[in-house]
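Engineer: Structure incoming, see below.
The values are calculated or read from the model by the stated rules, or taken from the named source; none is laboratory data. Computed from a prediction, not measured in an experiment: that's the story for all the values here. Glycine also receives a Cβ, built like all others from the backbone with ideal geometry; neighbour counts cover every protein chain displayed. These accessible areas exclude ligands, DNA and RNA; they are computed on the full protein's heavy atoms, side chains included. Shrake-Rupley method; radii C 1.70, N 1.55, O 1.52, S 1.80 Å.
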Amino acid sequence: MLLLGVEKDGRVSGLVREGLEERVMTVCREKIRPAIIPFFEIVPNVDRDSSIAIIRVTRGYGVHALWHDNANQYLIRAERQPISGATLADLDLKRLRNYFSNVRQQDVPMDEDAETWRSLLVNMEIMVEESVSVGGMLLFGLMPSRFLPHVGIDAVAHAGSGQDYNALVRTKLRGPMTPILDQSGSILENGLVEQALSFV
């Protein structure tokens, strides 16, 4: 949902352009690939004499791109997308418990209280309804590469400053990004970033 005539701070500034609906439809038809047809509505007199416009687009399953300067530009919040088949059982509760208690300094549910965990994780966008989000899997997944085989770091060390086929070391770094910390903030168990730093 997009609101026109409302500022970022929530203040209603109102509509100022004539022919706004036609302009919105033209942009959606010419600047978005594949084209979309949004629901457009003007709500009059929201704040005194100021009107706003509401543009709604239903969630789709395809990928849309912004067509600009003869090229597609993809604007996707991939980290919030649900992963089909990934559930709460695919998240590392030890890392989640550590993150919420040591980093965020908040109480955590008991391990067996799946419903409270699910509610907390949906609020934090680590889960999306019953599924784990892409971001949640990357940060806290037991085995992120099981669901996202393309994620991780392929680390290679060469003898000199150039690349060649005779690498000294090649390894695949996999696992969740989030480390496990103690009360003082020292790392007890590496996340993916710490694995990469250790490799370097």
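Engineer: Mind counting the residues in region 79-100 that are within 11 Å of Gly136 (Cα to Cα) and open to solvent by less than 70 Å² (accessible area, probe 1.4 Å)?
Structural biologist: Selection size over region 79-100: 9.
Engineer: Oh, and also: Keeping to region 11-66, report how many residues are at positive phi and touching a residue at least 24 places away in the same chain (Cβ under 8 Å).
Structural biologist: Here the count works out to 1.
Engineer: Another question, then. Within region 28-44, can one find any residue that is over 26 Å from Pro144 (Cβ atoms), touching a Leu at 6+ places or on another chain (Cβ under 7 Å) and open to solvent by less than 70 Å² (accessible area, probe 1.4 Å)?
Structural biologist: Yes, region 28-44 has at least one match.
Engineer: So, one more: Identify the single condition in (1) at pLDDT 90 or above; (2) open to solvent by less than 40 Å² (accessible area, probe 1.4 Å); (3) of a type in the set (A, V, I, L, M); (4) farther than 30 Å from Glu115 by Cα that Val6 does not satisfy, given that it satisfies every other one.
Structural biologist: Evaluating Val6 over (1) at pLDDT 90 or above; (2) open to solvent by less than 40 Å² (accessible area, probe 1.4 Å); (3) of a type in the set (A, V, I, L, M); (4) farther than 30 Å from Glu115 by Cα leaves (2) as the failure.
Engineer: While we're here: If you go through region 140-160, how many residues are under 30 Å from Val122 (Cβ atoms) and in contact (Cβ under 8 Å) with a residue 40 or more places away in the chain?
Structural biologist: Kept after step one, since they are under 30 Å from Val122 (Cβ atoms), are these residues of region 140-160: 140-153.
From the residues that got through so far, the ones that are in contact (Cβ under 8 Å) with a residue 40 or more places away in the chain too are 140-143, 146-148, 152-153.
Final tally of qualifying residues: 9.
Engineer: Are any residues in region 48-65 farther than 16 Å from Arg17 by Cβ, modelled with pLDDT of 85 or more and either in contact with a Ser or Thr (Cβ under 9 Å, 6 or more places away or on another chain) or among the hydrophobic types (A, V, I, L, M, F, W, C) (or both), and if so, which ones?
Structural biologist: Val57
Engineer: So, in region 87-100, how many residues would count as being assigned to a loop (DSSP other than H, G, I, E, B) and not charged (D, E, K, R)?
Structural biologist: So the answer is 1.
Engineer: Grab the strands (runs of 3 or more DSSP E) fully contained in region 101-197, keeping just those with 2 or more residues being aliphatic (A, V, I, L, M) and open to solvent by 80 Å² or more (accessible area, probe 1.4 Å).
Structural biologist: 187-189
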